[in-house]
Amino acid sequence: MYKPTRQAQNRRKKSLMTGLMKWIVSLLCVLILVSFLGFLYAPIQPFKYARNLWVTTAMTTLNHQYLAKWFFSDSEIQKILDSNKVDTLGNSNPSLVNAFRLTNINKMELIDVSGKGFKGYLLTVSNPSHVKVATTSHLGVRGERAEEIAKKNGAVAVINGGAFSDPVGTGSGGNPLGILIVDGKTVYKDSLTAYNIIGMNRENVLVLGRYTLKQIQEMGIRDAVSFGPFLVVNGKPAITQGDGGWGIAPRTAIGQKKDGTILMLVIDGRQIGSIGATLKDVQDIMLEYGAFNVANLDGGSSSVLYYQNEIVNHPSSQYGERYAPSFFIVK
């Protein structure tokens, strides 16, 4: 009777172990594939929420929309975007906010508002008359960084502001979009019949809306940039279903309470420890701190908060802090 040698027995055990490992790896691959397909197509929570977040995040990037288009048709993508949109609530009503200040005293507080999956910073400014718009000294040529803007304007705090042209992420940051108003003077405007403005009027009220240049002048807008969407208008939230349709990313926003206090929010993203936030996250944080009007500002790798001589957040650009044409500052 044949009796296998110890060497043959060891080879057989090794072969069985190898086969078992291959089977386990194959099973794990199948489970991962099933989970991924469930994530993509299962019509139940939490898969539906995760799928919507995947699509909205991909479709709001310049270079990675293929991550959604690989798996979904244009009509399916549009359906997801439509179910996660920001409602249009019209223009804010400046008369509903009491922002006038007789004193020059200004109290500021930096608050950690980090949440699940992101690190965030909220700066409160008690006197809105100290909040203004500043621009690069080289409009049309190149932008500037927050530190440069702070030193040039004697600012205590700076956040990035409005829209600008940045083809394929290689722009110089010097070409704004929409309109820029600084201390009552229009320093830049596109050839449009009306402009989306996020600005401060002469009564120190944050004004959100779409206006003609004549209306802007008649309203006494002293400082303004162009961006959006508006997340809270006259105390009413604009996102009532879904996440807002812009996915997860670094965010910057500005808001105002009914008593005039300005809220400046910056959230880090696209990095370990802080993947970013949705527009709904931004809206909810601002409402939690009493915001009556809120506008989304340019986010992504532009998001930056400079406060008391240092950059508080961690900008996501691989090249460090970006150059931009416009900023909201606190003097």
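The values are calculated or read from the model by the stated rules, or taken from the named source; none is laboratory data. Note that this is a predicted model, so its numbers are computed, not measured. Don't worry about glycine lacking a Cβ; one is built from the backbone with ideal geometry, like all the others, and counts go over all protein chains shown. These accessible areas exclude ligands, DNA and RNA; they are computed on the full protein's heavy atoms, side chains included. Shrake-Rupley method; radii C 1.70, N 1.55, O 1.52, S 1.80 Å.
The one condition from (1) touching a residue at least 12 places away in the same chain (Cβ under 8 Å); (2) outside any loop (DSSP other than H, G, I, E, B) that K214 does not meet is (1). Considering only segment 72-81, state which residues are in contact (Cβ under 8 Å) with a residue 24 or more places away in the chain and either in contact with a Gly (Cβ under 8 Å, 6 or more places away or on another chain) or open to solvent by 60 Å² or more (accessible area, probe 1.4 Å) (or both). Within segment 72-81, just L81 meets the criteria. Checked against (1) over 17 Å from F230 (Cα atoms); (2) in contact with an Asp or Glu (Cβ under 6 Å, 6 or more places away or on another chain), T278 passes all but condition (1). Looking at E148, is it of a type in the set (D, E), in contact with a helix residue (DSSP H, G or I) (Cβ under 9 Å, 6 or more places away or on another chain) and surrounded by 13 or more Cβ atoms within 10 Å (Cβ to Cβ)? Against the criterion (of a type in the set (D, E), in contact with a helix residue (DSSP H, G or I) (Cβ under 9 Å, 6 or more places away or on another chain) and surrounded by 13 or more Cβ atoms within 10 Å (Cβ to Cβ)), E148 does not qualify. Among the residues making up segment 191-216, those that are farther than 19 Å from G90 by Cα and not hydroxyl-bearing (S, T, Y) are R202, E203, N204. When segment 54-71 is filtered for residues that are in contact (Cβ under 8 Å) with a residue 40 or more places away in the chain and exposed (fewer than 14 other Cβ atoms within 10 Å of the Cβ), the ones remaining, listed by number, are L62, N63.
How many residues, within segment 209-222, are hydroxyl-bearing (S, T, Y) and open to solvent by less than 10 Å² (accessible area, probe 1.4 Å)?
The first filter runs over segment 209-222 and keeps only residues hydroxyl-bearing (S, T, Y), leaving 211-212.
Those still in the list that are open to solvent by less than 10 Å² (accessible area, probe 1.4 Å) too: none.
Count: 0.
Any residue in segment 227-244 that is at pLDDT below 95 and either surrounded by 22 or more Cβ atoms within 10 Å (Cβ to Cβ) or of a type in the set (A, V, I, L, M, F, W, C) (or both)? Looking for residues that are at pLDDT below 95 and either surrounded by 22 or more Cβ atoms within 10 Å (Cβ to Cβ) or of a type in the set (A, V, I, L, M, F, W, C) (or both), one finds at least one in segment 227-244, hence yes.
Taking every residue in segment 285-299 that is under 20 Å from K116 (Cβ atoms) and pairing it with any residue that is surrounded by fewer than 24 Cβ atoms within 10 Å (Cβ to Cβ) and among the hydroxyl-bearing types (S, T, Y), at least 6 positions away or on another chain, the pairs with Cβ-Cβ distances below 8 Å are Y289/T124. Within segment 266-276, restricting attention to residues that are open to solvent by less than 10 Å² (accessible area, probe 1.4 Å) and assigned to a strand (DSSP E or B), which residue is nearest to N160 (Cα to Cα)? Selected residue: V266.
Scan segment 175-190 and tell me whether some residue there is under 21 Å from L265 (Cβ atoms), in contact (Cβ under 8 Å) with a residue 40 or more places away in the chain, open to solvent by 10 Å² or more (accessible area, probe 1.4 Å) and part of a strand (DSSP E or B). No, that holds for no residue.
When L263, L279, L297, L206 are checked against the criterion of being within 20 Å of N52 (Cα to Cα) and either touching a Phe, Trp or Tyr at 6+ places or on another chain (Cβ under 7 Å) or open to solvent by less than 20 Å² (accessible area, probe 1.4 Å) (or both), a single residue qualifies: L279. Just one of the listed residues (V156, V131, V97) is at pLDDT 95 or above, among the hydrophobic types (A, V, I, L, M, F, W, C) and open to solvent by 50 Å² or more (accessible area, probe 1.4 Å), and it is V156.
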